[in-house]
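Okay, structure first, notes after.
The values are calculated or read from the model by the stated rules, or taken from the named source; none is laboratory data. Please read these numbers as outputs of a predicted model, since none were measured by experiment. Note: ideal-geometry Cβ built from the backbone for every residue, glycine included; neighbour counts use all protein chains shown.
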Amino acid sequence: MLARLTTQLPGAVRPPTCAPEADHLLLSSASTAWAGLPFDVHRMGVAEGTDWVTPEIGEHALLVVLDGCIDLVLKRDGVEVLLTARRGSVFFLSGDDPCVVSSTGGSADAAAIRLPHEWFERALLAGPPEVFGRTEPLERDDTIESVVRAMYREVRAGAPTGRLFAESLSLALVTYAVERVPPSRLRVRGGLSDEQCRRIRGYIRDRLQKELSLIELSSLVGLRPRQFSTLFRRAFGTTTHRYIISQRVAEAARMLGSGDDNLAGIALRIGFCSQSHFTAAFRQAYGVTPGRYALEHRKKVSLS
C-alpha cells in the first residue's frame with residue numbers, strides 16, 4: 001500500500017513527504033551528510049483500494065521512477081485515469097492538490113523528493129507555480145532522471161563530494177522542474193502570471209551586464225512602473241533591484257564554479273561597477289568572498 005513516511009533526523013522529525021510504502025526503504029538522504037534536497041528511494045508494489053499520500057498542505061514534492069514499471073489508477077475530481085509509469089516518469093505532487101490512487105500493479109523503484117519552499121527561494125524563485133500539483137505527469141524526462149540519479153549515486157556513496165555539489169544538483173533540479181510546469185496565462189488575484197514572470201526572468205538573465213530600468217521592465221508586461229513594482233514584489237518576494245543583484249551574484253557563482261577566477265573581469269561582465277561592490281554582494285549572498293568560493297570549488301574538483 002501507499003503510506004505517509006516520516007523521516008527521523010537527529011533531534012527532530014522531518015515533515016512527511018509523499019512516498020510509497022514498499023517492501024523496504026532502499027535509500028534515505030537523512031542517513032548521510034547530504035546537504036541538498038531531502039529524498040528517499042522506495043520500491044512500489046501491488047496494492048488495491050489505497051489512498052495516494054501527498055505532502056502536507058503547502059508542501060511540494062516530485063516522484064521520479066528510476067527502474068521498473070508500474071500501473072497506477074489515479075482519481076482526481078471523481079475521474080479515474082490509468083497511467084503506466086516507467087523509468088524516467090515524473091509526478092508533480094502538492095499538498096494543496098491531493099489525488100487518490102485506486103490501485104497499483106507491477107513493481108518500480110521511485111525517488112520521493114521533497115521541495116521545501118526555501119529551495120525555491122535559493123533558486124531565486126518566488127515559489128512553485130500554483131498549478132504545480134495539477135501538472136500532468138511526464139511520461140519520461142531524461143534531464144530530471146539524470147539529475148536524480150546523480151543525487152542517488154552521491155547519497156549511496158555517503159555524500160563524499162560535499163555541500164557545493166549537493167546544492168548545485170538540487171538547485172538544478174528545482175529550476176528545471178519549475179520550467180516543466182505549463183505556464184498559467186491568467187493573472188491571479190491581481191498578480192503577474194507565470195508566463196509574465198518567465199518573460200521577466202529571461203529578460204533580466206540575458207541582460208545582467210546592462211543597467212535595467214523600471215520603465216524598461218514594466219513595458220515587457222504592459223504595466224505602469226508603479227504598478228509593476230508592486231506586482232513584481234508580490235510575485236518574486238523582493239524588489240527589482242535586489243532581484244537583479246541576486247541574479248548577478250548567482251551568475252558569478254556559476255562562472256567561479258566553472259574555473260574562472262578573474263574577479264575583476266567577472267564583476268564587469270555581470271554588471272557590477274567595481275570589484276569591491278561585487279565582493280560585498282557575493283559575501284552577503286553566500287557567506288564567503290568570491291575568492292574563497294572559487295578556492296573551495298577547486299578543492300572539491302581536486303578531491304573528485
Filter result (over 25 Å from Arg254 (Cβ atoms), in contact (Cβ under 8 Å) with a residue 12 or more places away in the chain and either touching a Ser or Thr at 6+ places or on another chain (Cβ under 6 Å) or not in a loop (DSSP other than H, G, I, E, B) (or both)) within region 199-225: Leu214
Sole exception among (1) modelled with pLDDT under 90; (2) within 16 Å of the chain's Cα centre (by Cα); (3) more than 29 Å from Gln247 (Cα to Cα) for Ala111, by number: (1)
Complete set of residues in region 202-225 that are surrounded by 16 or more Cβ atoms within 10 Å (Cβ to Cβ) and among the polar types (S, T, N, Q): Ser218
Residues being exposed (fewer than 15 other Cβ atoms within 10 Å of the Cβ) and either outside any helix (DSSP H, G or I) or without any contact (Cβ under 8 Å) to a residue 12 or more places away in the chain (or both) - total across region 226-246: 6
Region 75-127 - residue that is touching a Leu at 6+ places or on another chain (Cβ under 9 Å) and charged (D, E, K, R) and, of those, nearest to Gly237 (Cα to Cα): Arg122
Some residue of region 128-136 being buried (at least 16 other Cβ atoms within 10 Å of the Cβ), in contact with a strand residue (DSSP E or B) (Cβ under 6 Å, 6 or more places away or on another chain) and either among the charged types (D, E, K, R) or part of a helix (DSSP H, G or I) (or both): yes
Residues of region 248-300 satisfying the condition of being out of contact with any Leu (no Cβ under 6 Å at 6 or more places or on another chain) and at positive phi: Gly259, Gly287
Residues located in region 93-107, provided they are at pLDDT 80 or above, within 23 Å of Ala177 (Cβ to Cβ) and either surrounded by fewer than 18 Cβ atoms within 10 Å (Cβ to Cβ) or not hydrophobic (A, V, I, L, M, F, W, C) (or both): Ser94, Gly95
